[in-house]
1. Does GLN75 satisfy the criteria of being free of Cβ contacts under 8 Å to residues at least 40 places away in the same chain, more than 17 Å from the chain's Cα centre (by Cα) and away from the ligand (no atom under 16 Å from the Cβ)?
2. Go through the range 109-125 and give me each residue that's within 16 Å of the ligand (Cβ to nearest atom) and in a loop (DSSP other than H, G, I, E, B).
3. Could you check how many residues of the range 91-134 are under 18 Å from TYR179 (Cβ atoms), out of contact with any strand residue (DSSP E or B) (no Cβ under 6 Å at 6 or more places or on another chain) and β-branched (Val, Ile, Thr)?
4. Within the set of pairs 6+ apart or on separate chains, which have a first residue in the range 48-68 that is within 20 Å of SER109 (Cα to Cα), a second that is of a type in the set (A, V, I, L, M), and C-beta atoms under 8 Å apart?
5. Has the range 203-210 got any residue that is surrounded by fewer than 20 Cβ atoms within 10 Å (Cβ to Cβ), outside any loop (DSSP other than H, G, I, E, B) and either among the acidic types (Asp, Glu) or at pLDDT below 95 (or both)?
6. For PRO249, state whether it is crowded, with 16+ Cβ neighbours inside 10 Å, modelled with pLDDT under 90 and touching a strand residue (DSSP E or B) at 6+ places or on another chain (Cβ under 8 Å).
7. Could you look through the range 151-167, keep only residues that are part of a loop (DSSP other than H, G, I, E, B) and without any contact (Cβ under 8 Å) to a residue 40 or more places away in the chain, and pick out the one that is farthest from TYR35 (Cα to Cα)?
8. Any residue that is under 26 Å from VAL193 (Cβ atoms), in a loop (DSSP other than H, G, I, E, B) and modelled with pLDDT of 90 or more - is there at least one of those in the range 89-101?
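The values are calculated or read from the model by the stated rules, or taken from the named source; none is laboratory data. Given the structure is predicted, the values throughout are model-derived calculations rather than measurements. Here the Cβ positions follow ideal geometry from the backbone for every residue, glycine too, while neighbour counts run over all protein chains shown.
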Amino acid sequence: MLLNILFAMFSVFSLKTDTSAAFSFSDDIDVFPRYKQLLVNIREQRISTLEAENEFRSILSILKENYPNTLDSSQIGNFVFPLTQSNYSAVGGNGSGFFIKNFNLFDHSVSGNHPAHDIFIYDPDQDSMDNRKQAFVDIVSVGNGVVLAVEKDWTDSSEYRGGNYVWVFDFERGGLWYYAHHRKIVVEPGQIVKPGDKLGEVGRTGFNAKNKRSDTHLHLMYLELDQDYYPKPKNYYEWLKAAVTIRKPTQAEGPVRHFFGKLFLIEPLPPKKMDVRNFDCKVKKRRV
Ligand SMILES: [Zn+2]
């Protein structure tokens, strides 16, 4: 028994040393809880827009320094359509659903924008299953990145609009993807995702998305960052048109499961540094 415990401890420690080599910003692992806390603070209007902006820049500077982008904004790269067995014909209004008046990620009171595309499934009875396929529809990562934050606990009484969501920092393009309204989420913050890895399933969670007048869809926003890490939504419709459709999703690596007797401890895998082509990253050091 004692030997078993010693062995278990040894395996855990050896796992830890294994991963430290791959994890390039181990001191900054709190970027994941910090990003989630920031989103909640913005939503609950607990911080000023300036404070939110500074915290965002601080988090993104850590990510950008560890993962300089490998594509420039004119390159599409390997881009997978975010729903399996679907393509750009499922995008709302043939791409005209994207509009910005005065978008500000840091100010929850700003409205009247739709800086995103809605991608629909065929679900007239609104049970979140695609009626032609009689199945739930997989949401997959469009590119390579790290899961920054997830919300899994949305309930009917929650007032926030995104419902259950996933944020991914895109290693190649250097921006952020926001996937919203999931019925189910299968990834954790810190997990590395590749194009086509399953993030979750299309659902109707969210203050507006749950209503009858809303057809079942994925809401997908992409935020580019300028040289000062300020986020600006990009109309990425051209990427959706050029995207590769996949039939079946792949599964993201991890999370790691440590076994202690009957108890499983589940941890996300620490991010691995990707091989990057150096694009002469023009980002300035953060000013905050
Ligand atoms: Zn939307």
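1. Criteria met by GLN75.
2. The answer is VAL110, SER111, GLY112, ASN113, PRO115, ALA116, ILE121, ASP123.
3. Of the residues in the range 91-134, 0 are under 18 Å from TYR179 (Cβ atoms), out of contact with any strand residue (DSSP E or B) (no Cβ under 6 Å at 6 or more places or on another chain) and β-branched (Val, Ile, Thr).
4. ALA52/LEU38; ALA52/ILE42; ALA52/LEU105; ASN54/VAL288; GLU55/LEU38; GLU55/ILE47; PHE56/LEU38; PHE56/LEU105
5. no
6. Numbers: crowded, with 16+ Cβ neighbours inside 10 Å: yes; modelled with pLDDT under 90: no; touching a strand residue (DSSP E or B) at 6+ places or on another chain (Cβ under 8 Å): yes.
So PRO249 fails the test.
7. So in the range 151-167, the residues part of a loop (DSSP other than H, G, I, E, B) come out as 152-163.
Add one more test, that the residue is without any contact (Cβ under 8 Å) to a residue 40 or more places away in the chain, and what stays is 152-153, 155, 157.
On the way: LYS152: 15, ASP153: 17, THR155: 21, SER157: 24 Å.
Per the stated criteria, the residue is SER157.
8. yes
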